[in-house]
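Novice: Submitted below is the structure of interest, expressed as structure tokens.
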Amino acid sequence: MVPWVKRLSALASSVLLFAFVLYGYSGIALVVGTLNLLWIVNERWARRSYSFLRSWILVLNTAFAAYGIWSGGPPLLALFLAGSSLLAWNGGLFLERWSDPPVAVQYLYLRRIGILLALGLSAGVSALALQGSFRLPFFAALLVLLASGMLWLRLISKAIRRSDSG
Amino acid sequence: MNMTWSWLLVTSLCSILILAGLLFGNGALLALAVPYLLFSLIPFWRNLKEPILAIERSVEPSSVQGGQPCRMTVFIENRGDDLEEVFLADALPPGLKAEESFAYHGGLRCGQSKTLVGVLRGVRGKYEFSGFKLLQHDLLGMCQREAFVSAPATLAVLPALERVERLRISPRRTRIYTGSIRSRESGAGVEFFGTRPYVSGDPMRHLNWKAGARWDLLITNLFEQERVADVGIVLDARKAVEVRANGESLFEHSVRAAASLADYFLSQGNRVGLLIYGRMMEWTFPGYGQAQRARVLVSLAKAELGEHAVFSELEHLPTCLFPSESQIVLVSPLLRRDVPMLRYLRAVGYRVLVISPDWIAFEKSLLPPGTFTDLAERIARMEREALFSKLRRAHVNVVEWDVTTPLHVSMKQGIAGGKRWFLG
């Protein structure tokens, strides 16, 4: 399950990078997108070079997303690129430690990273919407913000409860 | 708890994005930093609790002969909070090999236990198991905690034993218990010792009728008492006598010989002590029986080569450790400078038997065949023969042992040569 999530998120990163071509970032976007694709294709490489590549791809994708925003590119696309890159990178990290993870552990991992990314992306999206970076009705942006805020508060209170009981 | 390199990477990216956003006054860059920020906050949100694990290790049997397998069982129980991901690895002491991996990776719920079972094999030595290295991760790999869980155990891989046959020694002094060594005193025994005139109370079946007929008086046969004796085995562990060839050590053969002789003498009921003479003196106090056999073999399992300025010569051999006029068995490839000490031992009344592993044949396998090698071998042999000849003249009994042949074969060759040590 996690291997496929990792592959799909890496593929999503490539697709998002290729989508940047539509906004006039042909050269760099194509190179970084192709590197993402190569990472999926060659995931059976030696583990050390693979983990080295994984970190470099995250750095490249983040740098490209930041560059895209700085140069006036689509911020939503950049935010989702960052999210998918983080998911693919962390999935690779998980699979490096767990060669054959039990299903229960995979579910737990996916739930945890899912919550984290949902929270991060929704907070980011609402922030962008409130800044007027893209057209989202104010109430929708407020709803997303409130939802992410509630999720965040729930997680915080859960963590506090756990630390109190510990 | 430590942060991982992955956490450092995400946190660095997050910091750069926030700094860039603030620097350029770009809110979208700050929004981009939010997912990274959440990743870098994970260690503070999900704090790793200190693991409380109980690990029990058992090794059965706790001592084995070299090359034989032993079974190790490791019982792991989590007595603390749930652990999502732990990696437990046992660092086996060098020299031991496990057929299965003694490592565990996975989760451990509170009260959950795991049992790891495997087979160990090893070369001669005494191995102390310390414990397990524990590495605890959070599932996202942002933080980790390292710990050490103690799980002590000991395994002694004893030296392999060789068969030793009919090795008879004759120290001047024996002990009072009945054994198999001629005591040079008349009494109950099976070996003929002499005759004397009959005295009242002598058993009739001991009368020597032929001698009586010749001397025209009653003559009684005397028999030699057979008793146990003190045997001191000295293993030469000086680095100077070591030869290594093709990854094999001559010292290992010396250890094997010492172990076989100790086993033999103890099985004959003798009192055996062991001195390992090398970096320091390791003395196993003399004793009898199976318990002493175990002590001697464990001591030999631990034996290592060593170097010390004081013990570089055999002359510091502490004779006070060995009972006077007892039997000393030295297992050593021998150096030329060892002769005076062996002569001295003989002069003060000890019976000395030297088992000398043949280092020339052992080392020859290292050298390329050719005229020079043959010549070098001949010269070395002549020197060694001269050394042996000096020792034999001093009534020190020497057995040269080609380690490619079993020890008892060399002993038999000694018998064929009519060596005094065997004849007693």
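The values are calculated or read from the model by the stated rules, or taken from the named source; none is laboratory data. These numbers come from a predicted model, not from an experiment. Quick reminder, even Gly has a Cβ in these numbers, built from the backbone with ideal geometry, and neighbours come from all protein chains shown.
Novice: Out of curiosity, is residue B:185 more than 14 Å from chain A (Cβ to nearest Cβ), closer than 30 Å to residue A:92 by Cβ and either part of a strand (DSSP E or B) or at pLDDT below 85 (or both)?
Specialist: Judged against the criteria, residue B:185 is not a match.
Novice: Looking only at the stretch B:1-26, filter to residues that are over 18 Å from residue A:112 (Cβ atoms) and of a type in the set (Gly, Ala, Ser); which one of those is nearest to the other protein chains (Cβ to nearest Cβ)?
Specialist: B:20
Novice: Right, something else. Can you tell me which residue in the stretch B:27-54 is nearest to residue B:13 (Cα to Cα), limited to those that are aliphatic (A, V, I, L, M), more than 8 Å from chain A (Cβ to nearest Cβ) and in contact with a Leu (Cβ under 8 Å, 6 or more places away or on another chain)?
Specialist: B:33
Novice: Being part of a loop (DSSP other than H, G, I, E, B) and acidic (Asp, Glu) is the filter here; which residues of the stretch B:325-350 pass it?
Specialist: Matches in the stretch B:325-350: B:325 only.
Novice: In addition: For the stretch B:128-140, how many residues meet the condition of being in contact with a strand residue (DSSP E or B) (Cβ under 9 Å, 6 or more places away or on another chain) and either within 13 Å of chain A (Cβ to nearest Cβ) or surrounded by 20 or more Cβ atoms within 10 Å (Cβ to Cβ) (or both)?
Specialist: 8
Novice: Among B:319, B:373, which is the only one that is under 20 Å from residue B:271 (Cα atoms) and out of contact with any strand residue (DSSP E or B) (no Cβ under 7 Å at 6 or more places or on another chain)?
Specialist: Result: B:319 is the single residue among B:319, B:373 that is under 20 Å from residue B:271 (Cα atoms) and out of contact with any strand residue (DSSP E or B) (no Cβ under 7 Å at 6 or more places or on another chain).
Novice: Next up: Which numbered condition in (1) more than 10 Å from chain B (Cβ to nearest Cβ); (2) within 22 Å of residue B:24 (Cα to Cα); (3) modelled with pLDDT of 85 or more is the only one that residue A:4 fails?
Specialist: (2)
A quick yes/no check of all residues on (1) in the same structural domain as residue B:67 (by TED's automatic domain parsing); (2) buried (at least 21 other Cβ atoms within 10 Å of the Cβ); (3) more than 14 Å from the chain's Cα centre (by Cα):
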| residue | (1), (2), (3) |
| --- | --- |
| B:214 | no, no, yes |
| B:222 | no, no, yes |
| B:240 | no, no, yes |
| B:253 | no, yes, no |
| B:260 | no, yes, no |
| B:266 | no, yes, yes |
| B:270 | no, yes, yes |
| B:273 | no, yes, yes |
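Novice: Go over the candidates B:355, B:360, B:328 one by one and state the one that is within 25 Å of residue B:406 (Cβ to Cβ), of a type in the set (A, V, I, L, M, F, W, C) and surrounded by fewer than 20 Cβ atoms within 10 Å (Cβ to Cβ).
Specialist: The conditions single out B:360.
Novice: Name every residue in the stretch A:1-44 that is outside any helix (DSSP H, G or I) and in contact (Cβ under 8 Å) with a residue 12 or more places away in the chain, in order of residue number.
Specialist: Across the stretch A:1-44, the qualifying residues are A:1, A:25, A:43.
Novice: Continuing with this model, one more query. Taking only the stretch A:71-82 into account, find how many residues are within 21 Å of residue A:37 (Cβ to Cβ), facing chain B (nearest Cβ under 7 Å) and out of contact with any Gly (no Cβ under 7 Å at 6 or more places or on another chain).
Specialist: 1
Rundown of residues vs (1) of a type in the set (Asp, Glu); (2) buried (at least 20 other Cβ atoms within 10 Å of the Cβ); (3) within 14 Å of the chain's Cα centre (by Cα), yes/no style:
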{"site": "A:52", "(1), (2), (3)": "no, no, no"}
{"site": "A:55", "(1), (2), (3)": "no, no, yes"}
{"site": "A:65", "(1), (2), (3)": "no, yes, yes"}
{"site": "A:79", "(1), (2), (3)": "no, yes, yes"}
{"site": "A:84", "(1), (2), (3)": "no, yes, yes"}
{"site": "A:87", "(1), (2), (3)": "no, yes, yes"}
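Residue by residue, here is whether (1) at the interface with another protein chain (Cβ under 7 Å from one of its Cβ atoms); (2) surrounded by fewer than 18 Cβ atoms within 10 Å (Cβ to Cβ); (3) in contact with a Pro (Cβ under 7 Å, 6 or more places away or on another chain); (4) part of a helix (DSSP H, G or I) holds:
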| residue | (1), (2), (3), (4) |
| --- | --- |
| A:61 | no, no, no, yes |
| A:69 | yes, no, yes, yes |
| A:96 | no, yes, no, yes |
| A:118 | no, yes, no, yes |
| A:144 | no, no, no, yes |
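Novice: When you scan the stretch B:355-402, how many residues do you find that are assigned to a helix (DSSP H, G or I) and either in contact with a Pro (Cβ under 9 Å, 6 or more places away or on another chain) or under 18 Å from residue B:337 (Cα atoms) (or both)?
Specialist: Residues meeting the conditions: 18.
Novice: So, in the stretch A:130-142, of the ones that are within 12 Å of another protein chain (Cβ to nearest Cβ) and not in a helix (DSSP H, G or I), which residue ends up nearest to residue B:14 (Cα to Cα)?
Specialist: A:133
Novice: Moving on to the next point. I'm checking my understanding of the structure. Among residues of the stretch B:306-325 that are among the polar types (S, T, N, Q) and more than 19 Å from residue B:258 (Cα to Cα), which one is surrounded by the most Cβ atoms within 10 Å (Cβ to Cβ)?
Specialist: The extreme case among them is B:312.
Novice: Select from the stretch B:173-202 the residues that are within 31 Å of the chain's Cα centre (by Cα) and under 26 Å from residue B:395 (Cα atoms) and list them in ascending order.
Specialist: Across the stretch B:173-202, the qualifying residues are B:173, B:174, B:175, B:179, B:180, B:181.
One line per residue, one yes/no per condition, for (1) aliphatic (A, V, I, L, M); (2) facing chain B (nearest Cβ under 10 Å); (3) in a helix (DSSP H, G or I); (4) farther than 19 Å from residue B:32 by Cα:
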position: A:90; (1), (2), (3), (4): no, yes, yes, no
position: A:93; (1), (2), (3), (4): yes, yes, yes, yes
position: A:99; (1), (2), (3), (4): no, yes, no, yes
position: A:104; (1), (2), (3), (4): yes, yes, yes, yes
position: A:109; (1), (2), (3), (4): no, yes, yes, yes
position: A:114; (1), (2), (3), (4): no, no, yes, no
position: A:121; (1), (2), (3), (4): yes, yes, yes, no
position: A:124; (1), (2), (3), (4): no, yes, yes, no
position: A:128; (1), (2), (3), (4): yes, yes, yes, no
